Amino acid sequence: MDLGPRSLLRSTFAVAVVLAALVLTAPPLRAASKLKIVTATTDLAEFASEVGGDRVEVESIARGYQDPHFVEAKPSFLLKLRRADLLIVVGLQLEIGWLPPLITQCGNPNVQVNGNGYLDASQFAEILEKPTGVVTRAMGDVHPFGNPHYWLDPENGRRIAQGIEQKLAEMRPEDAAYFQQRFQDFGRRLTEAEKRWDAEMQPFRGRKVITYHRSWPNFLKRFGLTAAGEIEPRPGIPPSPGHTVDVIRLMRSENIKVILVEPYFDLKTPKAIARETGGQVVVLLPSVGGEKEVTDYFQLFDYDIDLLTRAFKATQ
Amino acid sequence: MRRLMVLSCLLLLGSGILFGQEKDPTQERLKALEERIAALEAEVKALKANQPASPPEAEAATSVPVPAPAASTAAPAAAPEPAPQAASAAASTTPGQLPVYGGLSAASKVLNPDISVIGDFLGAVGRDPNRSVPTLEMHESEVGFQAIVDPYARADFFLTFGEQGVNLEEGYLTFTALPGGFVGKVGKMRSAFGIVNTLHNHVLPWTDRPLATENLVGGEDGINDAGLSVSRILPAPKDIFLEATAQVFRGDSGDVFHSTRRGDVLTVGHLRAYRDLTESTNLDLGASWARGHNDVGTGFRTQLFGANATLRWKPLRRAVYHSFLFRNEFFWSRREQLDSTQRAFGFYTAADYRLNQRWTIGGRYDRSGRADMASLTDSGFSPVITYWPSEFSQIRGQYRFTRYADGRSGNDFFMQFLFVLGAHGAHPF
């Protein structure tokens, strides 16, 4: 029994039928309606909706209370990405563990890396902690291009918003004036708020804190604080007993009382350290949406600064 | 303090050996200061180089304007060595942009693919009459090259080195910019038949592959062949992800498919449905079909059907610490032979629970008939424990019990070390 050529024919036919079915079910070309923007994190979504107003639809992939390094590459995100006109990412390898496979699989040419609808927000911001010299993983899960938690300086927020404004204006020239006006309004409110935040943080300039992960260099620099050490021995490495003892010693010798922890880290070690040193653990939010009531970029700083100033006062 | 001590002791048991070399704080601070000085030096140099007033410096500092983040490997020591071409390149420095030290070599690397090497070392003790695994073995070294080819495609190569010999595990081009939402692939690839068949060894939650894979779906390499693949997300009710994949391969895959003539191609189809049940829980279902020719001869075909279901749980606020995965895959094989058609069935059911940032425990139950003699059924189970010193290395222990159809049984203990060099890969999902 010789089925060879027939078999080939049938296989080819089967594939052709599947292809035809897929083509027929393709969605209609999208009309010139609202720009669909997908962002990696909630903060970028905030900037995009501040600038884009009612001319855009914005969705974030990560939630504000989620560790942005460890978002899962869920297929449901492909549903968002496949229809997106613009994808805005944090960059600096923050999303390297989950975004690349999503981009490859989504079947949307716009949002491919360096495509027309791909925007890396890190190009607009001031980036700190770019490693110099030899970079190895003995340094932990190091980000070789600099610290990706850069949105926590309001000035970077302004720069990113401006970058997004330019991108939107380029994509929708007819709405350019609208985006510009929205950006200027955002900038004005930000300037006002910054005055308030600076005034609140003024008494505590020069203070040292301990952080869990290196999420805060831009925030600390902005408000004149320094991180004396981290609870993680190296980025991405869980606390070790030896290092914990070092941190306790350091806090005692330098009289450091405040420990900053992101909402997605375990509080056991930070609390143990705080008990030993008479310090306070502050669960500071790195992103909009970290708590239910923190729904925009302004509230994020209001919330963090309120907690921080209270902790500083309590441990004076 | 006592609690801390107890905690310390416990943690030391697990991590003491690996992290015994923590430095004392003064040394660390000194090191930090040194690093800061180095950074400042680099910055001063960079600033000087940018001043038009100091031409010699500017010439020494070769400069390829690189988009902001990429310029970080500024090793001052590398600055004086640029070749003449590099010096001329310096002329094109855009004012205001930082030069890259050692620019020539850095620039030559810019378009290199992401390179990664994954080592998989396997040790085994115990006895297994049917499946022999060496005592100590550098089981596999996988080298990955991945890059974007052009605005329309990307390519991925995975070469696996055994202790002897090299195998192209996968090497394919992915068309990412096709119209109509299609994603196309061309090359040699693991076929989309089920879940475990698509996974590389280093992302498996076990040290081995399920019995059903070994008996029915082509063993360790699985259905892995040269061919074409097209997939597309299908329209579905809101919040349901539905994706169809169609593939055609040459028709050679381990001992399951064999092509003696050009016409003996293998076709594979896969349908995947996925839904988020809550933000931390999701359900992933799949159905697969494969049809090709087997090694009995060109007129003899093997058809495989597969079904799989995975339930995942991972709380978003504690994603680093806890997760749970429950996975089942079922396989039906229909193999035409000289005397009869063998209809074999096999499945595995497996679960993994992440206890904390470092430890994961899991287990698997196996049961499978044999493709060429369906009446013979093997079964077994495996408990597994995995320890992660960091995201880039893992140590795994597994006990495997197998009851073979002939009445003999196998008892194996496996110990595996996995380690990753180079580019940060995607986390498995």
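List of remarks:
- For chain A, built as a Gaussian network whose Cα springs stay under 10 Å, the top-fluctuating residue of A:P154, A:P217, A:P238: A:P238
- Fewest-first ordering of B:S229, B:S141 by other beta carbons within 10 Å of each residue's beta carbon gives B:S141, B:S229.
- Cα-Cα over 28 Å, subset of A:K34/B:K185; A:K34/A:K74; A:K268/A:K313: A:K34/B:K185
- Structure-based [θ]222 nm, chain A - -39500 (n - 2.57) summed over DSSP H runs of at least 4, per residue, nearest 500: -14000 deg cm²/dmol
- A convex hull fitted around the alpha carbon atoms of the stretch B:318-375 yields 76 Å³ per residue.
- A simple spin-label model places the labels of B:L159 and A:D185 5.8 nm from each other, with each point 7 Å out along Cα-to-Cβ.
- A Förster distance of 22 Å, applied to the separation of the beta-carbon atoms of B:K238 and B:L285, puts the FRET efficiency at 0.80.
- Dipole of chain A computed with +1 at Lys/Arg Cβ and -1 at Asp/Glu Cβ about the Cα centre; of A:V294, A:P270, A:G107, farthest Cα towards the positive end is A:P270.
- Residue order, fewest to most surrounding Cβ atoms within 10 angstrom, among B:S132, B:S116: B:S132, B:S116
- Alpha-carbon centroid distance for the pair the stretch B:301-339 / the stretch B:248-291, whole angstrom: 12 Å
- Sorted by Cβ density within 10 Å, fewest first, the residues A:E57, A:E192, A:E165: A:E192, A:E57, A:E165
- For the stretch B:257-369: rounded, prolate or oblate by the Cα gyration tensor [a/c cutoff 1.5]: prolate
- Electrostatic dipole magnitude of the stretch B:307-429 [Cβ: Lys, Arg +1; Asp, Glu -1; Cα centre; debye, to 20]: 540 debye
- For the pair A:A177 and A:R55 in one chain, pulling the backbone fully straight at 0.36 nm per residue adds 42.7 nm over the alpha carbon distance.
- Nearest 10 degrees, 0 to 90: helix A:241-254 Cα axis against chain A principal axis: 50 degrees
- On Cα atoms only, tilt of A:154-171 relative to the major axis of chain A in degrees: 20 degrees
- With a simple spin-label model that places each label point 7 Å from the Cα along the Cα-to-Cβ direction, the separation between B:L311 and B:D255 comes to 3.5 nm.
- Global form of the stretch A:35-193, assessed from the alpha-carbon gyration tensor, a/c cut-off 1.5: oblate
- With Cα atoms as the point set, the radius of gyration and Dmax of the stretch A:195-314 evaluate to 13.8, 42 Å.
- The distance separating the Cα centre of the stretch A:113-183 from that of the stretch B:382-429 comes to 40 Å.
- Separation between Cα centres of the stretch A:29-84 and the stretch A:194-222, rounded to whole Å: 29 Å
- B:F401-B:L228 pseudo-label distance in nm [points 7 Å out on the Cα-to-Cβ vector]: 5.0 nm
- Legend: residue pairs A:K36/A:K292; A:K130/A:K221; A:K221/B:K109; A:K130/A:K208; A:K167/A:K195; A:K36/B:K238, Cα-Cα distance threshold 26 Å; pairs beyond threshold, A:K221/B:K109; A:K167/A:K195.
- Reach of A:K80 by Cα under 12 Å, taken over aspartates and glutamates that are not fewer than 8 positions away in the same chain: A:E57, A:E59, B:D239
- Three-way shape label, chain A, alpha-carbon gyration tensor, a/c 1.5: oblate
Quick note: the coordinates plus some simple rules give every number you see, no bench work behind them. Given the structure is predicted, the values throughout are model-derived calculations rather than measurements. Using ideal geometry, Cβ is built from the backbone for each residue, glycine included, and neighbour counts are taken over all protein chains shown.
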